[in-house]
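> Questions regarding the structure given below will be posed in turn.
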Amino acid sequence: MRRFELTPEQDQLQRAARGFAEKRLPVAHLRGLRDSHDPLRLSRALWREMAHLGWAGIAVDEAHGGAGLGLLELGLVMEELGRTLAPTPLLATSVIGATALAAGGEAVRAHLPALAAGERLVALAFEEERRFAPYTCRTTAHHASGGGWVIDGEKVFVLDGPAADLLVVVARVSGEPTDRNGLVVFAIDRATVGVDLQPLSMVDSRGVARIRFSSVAVPSADVLGEPGKGADLLDRLLSRATAALCAEMLGASDAVFHATIEYLKQRHQFGVAIGSFQALKHRAAHMFCELELTRSVVRAALVAIDRASPDAETLVSAAKARASDTFLLTSSEAVQMHGGIGVTDDLDIGLFYKRARVCDLTLGSSAYHRDRFARLGTGS
Amino acid sequence: MSRSASDEEFRAEVRAWLQANCPASMRTPFLPGDEVWGGRRRTFPSDDARIWFERAVERGFTVPSWPKEYGGAGLSREQARILDHEMRAMGCRSPLISFGIWMLAPVLMEYATDEQKAEHLPAIARGEIRWCQGYSEPGSGSDLASLATRAVLHGDHYVVDGAKVWTSHADQSDWMFCLVRTDAEGPKHDGISFLLIDMTTPGITTRPIPLISGSSPFCETRFDGVRVPARNLVGREGGGWQIAKKLLEHERSIISVMRDRAPEEAESLPAMLKRCGDASLRDRVIQAELDFLCNRLTLERTAEAAKAGRGPGAASSMFKLYGTELNKRRKELRVELAGYQGLGWEAPGFEPGELQITREWLRSRANSIEGGTSEIQLHIIAKRVPGLPD
């Protein structure tokens, strides 16, 4: 069965996303949010425009106002947004949020139409360590005396937290802090009493928050999945999110690579284009090969999740390890090959370089996923 | 993709034919030295190999998609795909390994006269003539176009003088497709011609070159006043470089595909790793496994794109580069993982599988040199894909 070729509809979607990213979300948009110290680090108005184009609800079912499409379609849009480093809530809201809310009861699913309309933004709050450790959770959930739950704890590195209306929060009902068992997932309104959100200023200028939960009361209807088995849902959210992030990293790598190639053709030293020097040419060819390999494994991971293939998790980890390495390589080489202007803030190259470092650590670094790839069985 | 009823009929028919005609021992992976190469002096490692070869030839299945007049089975693209799929599923070996089929025939189909096709293609299909490649010379390696083997026209014959090296299996081959210089005056690329030479012609001597791996797949071949009929010229005089480049693209894809289909090692890298706890070695094994997976997926993606009529410009160079560099890394890792038992040269004291680890490691070093070095591939990729200036 084919797994790499796109249908005409998917191809059209990707083209539309590319056009939108170029016109409405160029790198200058991210720069503007950074320079104006925008508190949300994204534009809700542009997100509404994207929602009108059907992208906020790509993977939301049609009954809740979405398009009912797959992760591949989300990945195609992510890839194009990656080219311009576009800061949009697509990953947090449409990849993670939509999947999380769909796992809830009727009260939670009622948020989906607003999500698909671009009116409700979601963020996943699960991390507590200095680096990716998905099950480590000291945030507690206790049954409240009058019914419902009470949450206490603190979450770090909440992507798109500053703009979120709704938080998907992981807490512990039982077990040790690093146990996979004993987790529970909630959908919590950002405005709930006891939720204290502190926006952080990150090196890549994207919106990230630290969030404190102090005796936050949550009704039972806002539990997602089964209490104690929250890791099953969390795993699903993380594997979809990781594959989608890989697509964004692929797009960003491809863009920074092509910007570098253009520079190698245009910049003259010693009377010739510097791209004629073998020392640079061979490195460019090497990057080209790495990009081609990355394209294959990222596409394979997205499709494997949509088809629920048995090797999906292996492919997700292979894709993240590869996409991280390729983005780090292409952005780092871009800085070096641009020479002096490569380290100036005037040029966009530095923004790609910073983003690559953040993306690597997000949802598990290259090293983390190489190790996971080995533990899952390498398929050989 | 629509699967017509006749295709399904063909699948059933071909499956039954393979069941009836491919001997059980030919449904196992190749062991070293087990391949059937054909040719006038053809040998077979077993009766089953001979039977399988003869039946495949009779049915046209050595070259399934070739027209029947050239010894093929005249299969449609879809039928050929079905046959390939069924053979893989059953684990059938290739009945014939042939440079004639993989390298020469595609360019003959494109550039040869009808007379030349009729003379050579059926003999290739039937495994009657074994071909070798005369490209590199002692003074022309990566700079292939500087080749100096002269061919001077005297009446209806060319007289060839010079030497070729790295002529794979020249000592076992019946004919050579050869690049010769027919014009020493103009630009070097324009003076090259593509000539077919019968290896029994007087004046040809061949000497095998022993390699570090202990085997001698390559030879040095000398030409002293060798008379070659002018009708053995393919394409026009001076048009050989274009043909040579086409053929090299086929060669590169073959080298990468052969790596993909190479006889699988007895033990996988992760399995070998279980006996060795070195953490840094583990990292390198994981990276090699990861790269292997990504390379395989890229081959699959490229094949899908080719079917849809799109091919990335430098695909064959990319796979040649990546496949051979990766193969070298994997073979080196096997030696490291095998420890002292991966350092044996001959029995006793070493199992055949262990000796294979040593020999394959050394053999793999030639992969990134033959068919254009890795550095040449990088050059081609940079030129064709990102379009960097010369």
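> For peptide B:367-374, compute the average count of partner chain beta-carbon atoms within 10 Å of each residue's beta-carbon.
What the average comes to for B:367-374 is 0.
> Next up: How big is D for the protein assembly as shown, in µm² s⁻¹ as a whole number, if Stokes-Einstein is applied with the Kirkwood radius of its Cα pairs at 10 °C and 1.306 mPa s?
Diffusion coefficient, whole number: 54 µm²/s.
> Apply the Karplus parameterisation 6.51 cos²θ - 1.76 cosθ + 1.60, with θ equal to phi minus 60°, to every residue of region A:40-57 and state each ³J(HN,Hα) to the nearest whole Hz, in sequence, with x for glycine and proline.
After applying 6.51 cos²θ - 1.76 cosθ + 1.60, I find 8, 6, 7, 10, 5, 5, 5, 5, 5, 4, 5, 5, 4, 7, x, 8, 5, x Hz.
> Which of A:TRP47, A:ALA59, A:LEU30 sits closest to the plus end of the dipole of region A:15-89, meaning its Cα is farthest towards the positive end, when Lys and Arg get +1 and Asp and Glu get -1 on the C-beta?
In region A:15-89, that residue is A:LEU30.
> Tell me the Kirkwood radius of chain B: reciprocal of the mean inverse pair distance over distinct alpha-carbon atoms, in Å.
Taking every pair of different Cα atoms in chain B, averaging 1/r and inverting gives 22.8 Å.
> Divide the volume of the convex hull of the Cα atoms of region A:134-292 by its number of residues and quote the answer in cubic angstrom per residue. Let's see the in-between values first.
Details: hull volume 22.5 nm³, N = 159.
Spread over its residues, the Cα hull of region A:134-292 gives 142 Å³ apiece.
> Still on this model: 5 Å is the cut-off here: which amide hydrogens, built 1.01 Å from N in the peptide plane, fall below it relative to A:GLU127, excluding neighbours closer than 5 in sequence?
Counting only residues 5 or more places away or on other chains, the set is A:VAL156.
> Let me ask something else about it. Just report the Cα centroid separation between region B:57-100 and region A:81-146, whole Å.
Cα centroid to Cα centroid, the span is 54 Å.
> By what distance, in whole Å, do the Cα atoms of region B:265-384 stretch along each of the three principal axes, largest value first?
Extents along the principal axes, in whole Å: 52, 26, 25.
> Compute the distribution of all C-alpha to C-alpha distances in region B:5-97, in bins of 5 Å from 0, and list the percent of pairs in each, rounded to whole numbers.
Histogram of Cα-Cα distances, whole percents per bin: 3, 14, 25, 26, 18, 10, 4, 1, 0.
> Expressed in whole Å with the largest first, what are the equivalent ellipsoid semi-axes of region B:81-225 derived from the C-alpha gyration tensor as the square root of 5 times each eigenvalue?
So the equivalent ellipsoid measures 29, 20, 15 Å along its semi-axes.
> Using a ≥ b ≥ c from the Cα gyration tensor of region A:122-228 (square roots of the eigenvalues), is it rounded, prolate or oblate, where a/c under 1.5 gives rounded and otherwise the larger of a/b and b/c decides, a/b for prolate?
oblate
> Calculate the FRET efficiency for B:ARG88 and B:ALA5 from the Cβ-Cβ distance with a Förster distance of 30 Å, rounded to the nearest 0.05.
0.80
> Would you report the distance distribution of C-alpha pairs in chain A as whole percents per 20 angstrom bin, up to the bin with the largest distance?
Percent of pairs per bin, in order: 29, 58, 13, 1.
> Work out how much length B:HIS189 to B:VAL152 would gain on full extension: take 0.36 nm times their residue separation and subtract the Cα-Cα distance, in nm to one decimal. Write out the running numbers ahead of the final one.
Details: separation 37, 0.36 × 37 = 13.32 nm, distance 1.68 nm.
That works out to 11.6 nm of additional length.
> Let me ask you something else. Evaluate peptide B:7-14: per residue, the Cβ atoms of other protein chains within 10 Å of its Cβ; return the mean as an integer.
Working: counts 0, 0, 0, 0, 0, 0, 0, 0.
Across the residues of B:7-14, the mean count of other-chain Cβ atoms within 10 Å is 0.
> Here's a follow-up. For chain A, what's the relative contact order in percent, using C-alpha pairs closer than 8 Å and at least 6 residues apart?
16 percent
> Among B:LEU269, B:PHE319, B:GLY344, flag the residue with its Cα farthest along the positive direction of the charge dipole of region B:265-384, charges on Cβ as +1 for Lys/Arg and -1 for Asp/Glu.
B:PHE319
> With contacts defined as alpha carbon pairs under 8 Å and 6 or more residues apart, what's the relative contact order of region A:8-116 in percent?
32 percent
> Same structure again: If one puts a single equal scatterer on every Cα of region A:195-244 and applies the Debye formula without solvent, what log₁₀ I(q)/I(0) results at q = 0.27, 0.33 Å⁻¹?
Per q value, in the given order, log10 I(q)/I(0) is -0.98, -1.03.
> Let me ask something else about it. Semi-axes of region A:33-152's equivalent ellipsoid from the Cα gyration tensor, sqrt of 5 times each eigenvalue, largest first, rounded to whole Å?
Each semi-axis is √(5λ); the values are 27, 20, 14 Å.
> With 24 Å as the limit, write out which pairs from A:LYS23/A:LYS281; A:LYS354/B:LYS328; B:LYS164/B:LYS188 have Cα-Cα distances beyond it, or answer none.
Values: A:LYS23/A:LYS281 31 Å; A:LYS354/B:LYS328 34 Å; B:LYS164/B:LYS188 17 Å.
Listed pairs above 24 Å: A:LYS23/A:LYS281; A:LYS354/B:LYS328.
> Could you rank the peptides B:209-221, A:266-278 by their average count of other C-beta atoms within 10 Å per residue, with the highest value first?
Ranking, from highest mean packing down: B:209-221, A:266-278.
> Taking 8 Å as the Cα distance limit and 6 or more residues as the minimum spacing, I'd like the relative contact order of chain B as a percentage.
Reported as a whole number, the value is 12 percent.
> Determine the distance separating the Cα centre of region B:132-187 from the Cα centre of region A:13-51; give it in Å without decimals.
61 Å
> Need one word for region B:184-233: rounded, prolate or oblate. Basis is the Cα gyration tensor (sqrt eigenvalues a ≥ b ≥ c); a/c below 1.5 gives rounded, then a/b vs b/c decides.
Oblate shape, in that a/c is at least 1.5 and b/c is the bigger or equal ratio.
Just so you know, all these numbers are worked out from the coordinates, no wet-lab data involved. This structure is a prediction, so every number in the text was calculated from the model and none was measured. Positions of Cβ are backbone-derived with ideal geometry, glycine not excepted, and every protein chain shown enters the neighbour counts.
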